[in-house]
Amino acid sequence: MLQRILGRTGLAVSPLGLGLAALGRPGYINLDHARDMAGGTEVEVMRARAWAVLDAAWARGIRYFDAARSYGRAEEFLGAWLAARGIAPDTVSIGSKWGYIYTAGWRVEAEVHEVKDHSLEVLQRQRAESDTLLGPQLDLYQIHSASLESGVLDDPTVLAELARYRDSGLAIGLSLSGPQQAEVLRRAIGIEVGGAPLFGSAQVTWNLLEPSAGEALREAHEAGVGIIVKEALANGRLTDRNDDPAFAPRLALLREIAAEQQTTVDALAIAAALTQPWTSVVLSGAANVEQLASNLRALDVFWTDAIAERLSSLAEPPEAYWQTRSALDWN
Ligand SMILES: NC(=O)c1ccc[n+]([C@@H]2O[C@H](COP(=O)([O-])OP(=O)(O)OC[C@H]3O[C@@H](n4cnc5c(N)ncnc54)[C@H](OP(=O)(O)O)[C@@H]3O)[C@@H](O)[C@H]2O)c1
């Protein structure tokens, strides 16, 4: 895979990256996570599963990996894998996130899986934890789901601490979620500390059902912010596994075009994100090697304006999309 540069972070990334949200802990909100974890959720089993997907990703040229403090043992699995395979820091880009605390205790039925806390204290504590697990491999540290309500973009102590990390060579980014992604992104683009922009990258949900951040993403890209697309499959809704009867006509359209292109539904949906002019990297959230192989077929899709036009009918009103997403069960 030809590498790209992730905006002003200067990091080299492959167009397809791998996110570890589905691999680092037993419970997650993706559609059929329980089925993916049917082989077991003991720590050893989950580590082996994560390593198998990481090995397959590496073999196929994926060179950006994405974790977070709140993804259970994702940083631990990733750091140990990098060490075991002898992967040198300058041959791969590693991102993680701070700002959510993992509270599920390895239990799928936990009442609360993660708690948001964007305070300076949590930033400093989680940075130390990420450093312990990832060491010099950590390239990019992102605010996890920055929002206007959390006040993180208005907290001078947090912004100054992030700028201190930036000035010592760690790239700083933020991830976004919810119907206000575009608004928060525009706000973040303008934040400067010490006479220089703070954020080098933004990780944003964009997919065929929820493309509303597109214009803000173009602006961010033009301002030098590297764009990482997450949830390109709408948490599994844009895959063959979506058996919601209300989605059937839209799945039929996706299947029809995927068949014409001799590809899979998930690859087609990922290709839609890959072809956006502002995209640096699209995350695969594959939970196993088979899903990754299917996702990777996105790289071979011959995308045309006619396909984009036919698929534009899939978009949902953002409020409806985010309502559906917040109703997804941890499983
Ligand atoms: N706020 C944030 O910062 C934030 C939020 C979310 C995600 N992320 C990042 O983005 C990455 C990707 O997001 P995501 O995993 O949440 O969402 P996603 O990419 O939209 O969905 C990935 C899921 O789709 C399903 N899938 C993929 N390929 C498939 C196939 N071939 N057949 C059937 N199902 C398939 C799997 O779920 P099932 O098998 O379980 O159905 C997989 O876990 C994460 O790993 C994380 O790094 C960040």
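Computed from the coordinates by the stated procedures, all read-outs in this text should not be read as laboratory data. What you see is a predicted model; the values in this text were computed from it and never measured. No Cβ is skipped: glycine too gets one built from the backbone with ideal geometry, and neighbour counts run over all protein chains shown.
Annotations for the structure displayed:
- Under the Debye formula (equal points on every Cα, no solvent term), log10 I(q)/I(0) of the chain at q = 0.07, 0.11 Å⁻¹: -0.25, -0.65
- Between 40, 72, 194, the residue with the greatest mean-square fluctuation in the GNM of the chain (Cα pairs under 10 Å linked by springs) is 194.
- Shape call, the stretch 1-120: gyration tensor on alpha carbons, a/c limit 1.5: oblate
- The distance separating the Cα centre of the stretch 1-53 from that of the stretch 205-251 comes to 18 Å.
- Computed over the chain with a Gaussian network model linking Cα atoms closer than 10 Å, the most mobile of 30, 242, 207 is 242.
- Point-to-point label distance, residue 244-residue 260, nm (Cα→Cβ direction, 7 Å offset): 2.5 nm
- Counted charge near residue 205, where neighbours are those whose Cβ lies closer than 11 Å (Asp, Glu -1; Lys, Arg +1): 0
- Förster radius 35 Å - calculated FRET efficiency between residue 121 and residue 275, Cβ distance, rounded to 0.05: 0.25
- With R₀ set to 41 Å, the beta-carbon distance separating residue 223 from residue 288 gives a calculated FRET efficiency near 0.65.
- Residue among 309, 319, 215 with the largest mean-square fluctuation in a Gaussian network model of the chain, springs linking Cα atoms under 10 Å: 309
- Legend: helices of the chain (whole DSSP H runs) are marked when their alpha-carbon atoms reach 20 angstrom or more along the helix axis and their mean Kyte-Doolittle hydropathy is at least -1.0; marked are 43-59, 120-134.
- Site pair residue 312 and residue 196 shows an inter-label distance of 4.0 nm when each label is modelled 7 Å from Cα along Cα→Cβ.
- The chain: relative contact order as a whole-number percent, Cα under 8 Å and 6+ apart: 22 percent
- Distance between modelled label sites at residue 168 and residue 326, nm, 7 Å Cα→Cβ extension: 3.7 nm
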